[in-house]
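Quick notes on the structure that follows.
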Amino acid sequence: MSQPGQGVMVPVNGLGFPPQNVARVVVWEWLNEHSRWRPYTATVCHHIENVLKEDARGSVVLGQVDAQLVPYIIDLQSMHQFRQDTGTMRPVRRNFYDPSSAPGKGIVWEWENDGGAWTAYDMDICITIQNAYEKQHPWLDLSSLGFCYLIYFNSMSQMNRQTRRRRRLRRRLDLAYPLTVGSIPKSQSWPVGASSGQPCSCQQCLLVNSTRAASNAILASQRRKAPPAPPPPAPPPPGGPVGTLAVRPSTFAGAALWAAPTAGSAEPSQPPGAPPRSPSAPSGAPTPGQNNLNRPGPQRATSVSARASIPPGVPALPVKNLNGTGPVHPALAGMTGILLCAAGLPVCLTRAPKPILHPPPVSKSDVKPVPGVPGVCRKTKKKHLKKSKNPEDVVRRYMKVKNPPDEDCTICMERLVTASGYEGVLRHKGVRPELVGRLGRCGHMYHLLCLVAMYSNGNKDGSLQCPTCKAIYGEKTGTQPPGKMEFHLIPHSLPGFADTQTIRIVYDIPTGIQGPEHPNPGKKFTARGFPRHCYLPNNEKGRKVLRLLITAWERRLIFTIGTSNTTGESDTVVWNEIHHKTEFGSNLTGHGYPDASYLDNVLAELTAQGVSEAVAKA
């Protein structure tokens with residue numbers, strides 16, 4: 001780069017929904033368990049677009065273009081990604097970006113994880129980094145996008161603002177993402193709601209949707225011309241009472257950003273240890289176009305009676321580290337604050353509530369067994385998965401061979417009346433490529449060789465899962481490492497269940513060595529955050545969930561070994577698509593109570609893994 005310019009704190013990137021009849025870059029993305037949209041590679045997106053042109057309601061076999069995605073299939077009709085060996089389903093969407101942005105140029109920004117592998121940033125973050133890079137900024141603050149990281153382009157590194165830990169960063173040139181021209185819908189994503197067309201109302205989805213809407217609104221506000229900001233209010237008389245100060249008078253995209261009118265507000269002085277102000281912005285004059293809620297300078301004062309001093313009708317936004325220099329929570333409070341301030345509305349900042357993760361201390365004498373559930377502990381020991389004689393024997397156990405109809409095999413996407421797409425790839429005695437079978441219970445038909453390939457790529461535990469309807473044949477088992485599961489009653493109530501005690505589940509898995517069923521056999525795996533405490537209400541449905549969770553634990557389905565989407569660490573113990581409530585007395589993270597639909601949702605997740613009372617009794 002040439003001579004770098006001044007660093008910038010970018011509030012949002014240029015991401016927006018495409019207008020009609022213009023060229024836009026298409027990026028396909030999938031939703032991970034932390035409600036973040038992760039982009040597929042450009043090669044995979046080109047493959048999906050090619051299939052989409054031929055059949056908008058068909059299926060996309062991702063393993064045809066990426067060997068690492070062999071187990072995955074995308075159903076274009078339901079807009080879901082399905083993993084054949086585990087039955088995991090994830091929403092996908094077709095998103096659009098400007099052709100001049102990073103995906104249109106084939107530019108990928110990646111960070112190095114603990115295992116030495118490179119992980120791509122989310123697409124909106126990638127675009128933001130590339131924009132700052134092209135403008136020759138020496139650094140970039142990602143806090144306004146929801147991440148407490150600083151990007152340094154001179155050293156090509158990423159630094160955590162809290163831990164000061166640094167990771168390597170790289171900019172890689174890849175294939176440009178596909179381009180589409182014409183009338184484009186605002187977005188194409190999965191069918192939301194339970195066949196009702198209503199958006200999902202869970203806290204994670206609401207947070208993601210509100211953040212995207214805030215980004216688009218901010219982008220629109222930057223294009224509007226606003227009248228000049230009025231002069232700052234006169235300071236209060238000396239010795240006046242200290243109230244709540246939201247943000248001192250400043251501007252955002254030309255709109256006035258005013259403090260909420262509080263009794264006796266005062267401008268705070270520079271506290272010791274605070275970061276210096278930007279050298280290009282004089283004292284009291286903010287930099288136009290920046291997110292001043294996240295500026296490094298001190299712009300918040302202490303409060304004696306914060307809630308009492310908030311005027312009626314002024315929204316209160318929770319802030320982390322109110323007395324220090326910590327930024328407004330970027331995912332919710334920050335975005336809301338920016339929008340309100342851009343519209344010239346007052347905002348008051350209050351202390352952010354802290355989640356209540358654990359119940360009050362409980363003595364051993366108060367801990368009781370769960371009624372109707374024998375024992376208080378289950379242990380799993382290291383044992384090899386059951387090995388079947390031959391994969392074709394397992395497949396034939398659930399198949400009834402019939403004359404094939406002239407339709408697609410949804411595994412290889414070839415016609416059933418022709419040979420399997422795995423012809424020449426797999427060879428098994430007695431399984432000819434043209435043989436077709438029908439699953440006995442659901443009736444779906446596939447090439448026999450395709451089912452053998454799907455089974456051989458999974459756990460080889462003697463079970464088979466239909467790729468179309470997800471019906472499970474046999475007893476499905478997972479790859480959970482050895483550990484211990486404890487469960488008991490404690491004399492405290494969960495929010496929303498005031499009349500019942502609480503079932504506490506404690507999972508404990510130690511570090512160890514990966515077995516043959518794991519991603520990297522013989523390599524050490526880590527187990528972060530154990531023991532993990534989870535909570536259920538002690539009612540009929542809660543005890544039912546507990547019994548099924550015990551069954552899932554014994555089948556090694558609760559956890560697995562993979563890459564953490566939170567930390568990026570690979571070869572570590574992670575949750576395996578069965579959600580748990582780990583927050584006892586609140587629901588600030590979305591993993592607590594009250595949550596009226598949680599018990600029904602987790603029962604559905606257990607059923608999808610083949611764990612249900614009907615199957616257990618059978």
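The values are calculated or read from the model by the stated rules, or taken from the named source; none is laboratory data. This one's a predicted model, so the numbers in the text were calculated from it and none came from an experiment. Note: ideal-geometry Cβ built from the backbone for every residue, glycine included; neighbour counts use all protein chains shown. Accessible surface areas use protein heavy atoms only, side chains included; no ligands, DNA or RNA. Shrake-Rupley method; radii C 1.70, N 1.55, O 1.52, S 1.80 Å.
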- What about Glu33, is it among the charged types (D, E, K, R), touching a strand residue (DSSP E or B) at 6+ places or on another chain (Cβ under 8 Å) and either at pLDDT below 90 or within 17 Å of Asp98 (Cα to Cα) (or both)? yes
- Scan segment 446-465 residue by residue and report those that are not in a helix (DSSP H, G or I) and not aliphatic (A, V, I, L, M). Tyr446, His447, Asn457, Gly458, Asn459, Lys460, Asp461, Gly462, Ser463, Gln465
- Task: Please determine, by comparing only the residues of segment 340-365 that are open to solvent by 70 Å² or more (accessible area, probe 1.4 Å) and within 30 Å of Lys484 (Cα to Cα), which one is modelled with the lowest pLDDT.
- Result: Lys354
- Whichever residue in segment 443-464 is polar (S, T, N, Q) and under 30 Å from Pro510 (Cβ atoms) and, among such residues, is surrounded by the most Cβ atoms within 10 Å (Cβ to Cβ): Ser463
- Task: Kindly list the number of the only condition in (1) assigned to a strand (DSSP E or B); (2) surrounded by fewer than 17 Cβ atoms within 10 Å (Cβ to Cβ) that fails for Met485.
- Result: (2)
- Query: Could we say that Met89 is assigned by the TED database to the domain that holds Arg172, among the aliphatic types (A, V, I, L, M) and at pLDDT below 90 here?
  - Reply: yes
- Sole exception among (1) surrounded by fewer than 21 Cβ atoms within 10 Å (Cβ to Cβ); (2) out of contact with any helix residue (DSSP H, G or I) (no Cβ under 9 Å at 6 or more places or on another chain) for Ile561, by number: (1)
- Task: Filter segment 148-180 down to residues that are closer than 14 Å to Trp111 by Cα and in contact (Cβ under 8 Å) with a residue 24 or more places away in the chain and give me whichever is most open to solvent (accessible area, probe 1.4 Å).
- Result: Arg168
- Query: Among the residues of segment 457-506 satisfying the criterion of being of a type in the set (Lys, Arg) and within 28 Å of the chain's Cα centre (by Cα), which is modelled with the lowest pLDDT?
  - Reply: Lys470
- Task: Scan segment 386-394 and give yes if some residue there is modelled with pLDDT under 80, of a type in the set (D, E, K, R), more than 30 Å from Pro482 (Cβ to Cβ) and touching a strand residue (DSSP E or B) at 6+ places or on another chain (Cβ under 6 Å), otherwise no.
- Result: yes
- Tell me which residues, restricted to segment 114-147, are open to solvent by less than 10 Å² (accessible area, probe 1.4 Å) and among the acidic types (Asp, Glu). Asp141
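Every residue, every condition in (1) open to solvent by 30 Å² or more (accessible area, probe 1.4 Å); (2) among the aliphatic types (A, V, I, L, M); (3) in a helix (DSSP H, G or I); (4) more than 18 Å from Gly478 (Cα to Cα), yes or no:
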residue	(1), (2), (3), (4)
Val545	no, yes, yes, yes
Ile550	no, yes, yes, no
Arg556	no, no, no, no
Val573	no, yes, no, no
His579	yes, no, no, no
Phe584	no, no, no, yes
Gly590	no, no, no, yes
Tyr593	no, no, no, yes
Asp600	yes, no, yes, yes
- Item | Single condition Ala527 does not satisfy, out of (1) without any contact (Cβ under 8 Å) to a residue 60 or more places away in the chain; (2) over 26 Å from the mean Cα position of the chain (by Cα) | (2)
- Message: So, Ala604, is that one part of a helix (DSSP H, G or I) and within 21 Å of the chain's Cα centre (by Cα) or not?
- Response: yes
- Query: Do we have any residue at all in segment 121-134 that's at pLDDT 90 or above and closer than 28 Å to Asn520 by Cα?
  - Reply: yes
- Query: Can you spot a residue in segment 52-60 that is over 18 Å from Arg415 (Cα atoms) and buried (at least 19 other Cβ atoms within 10 Å of the Cβ)?
  - Reply: no
- Within the group Thr500, Thr479, Thr468, which residue is on the phi < 0 side of the Ramachandran plot, among the hydroxyl-bearing types (Ser, Thr, Tyr) and buried (at least 19 other Cβ atoms within 10 Å of the Cβ)? Thr479
- Please report, ordered by residue number, the helices (runs of 4 or more DSSP H) entirely within segment 36-146 with at least 2 residues that are more than 20 Å from Arg168 (Cα to Cα) and of a type in the set (Val, Ile, Thr). 42-54
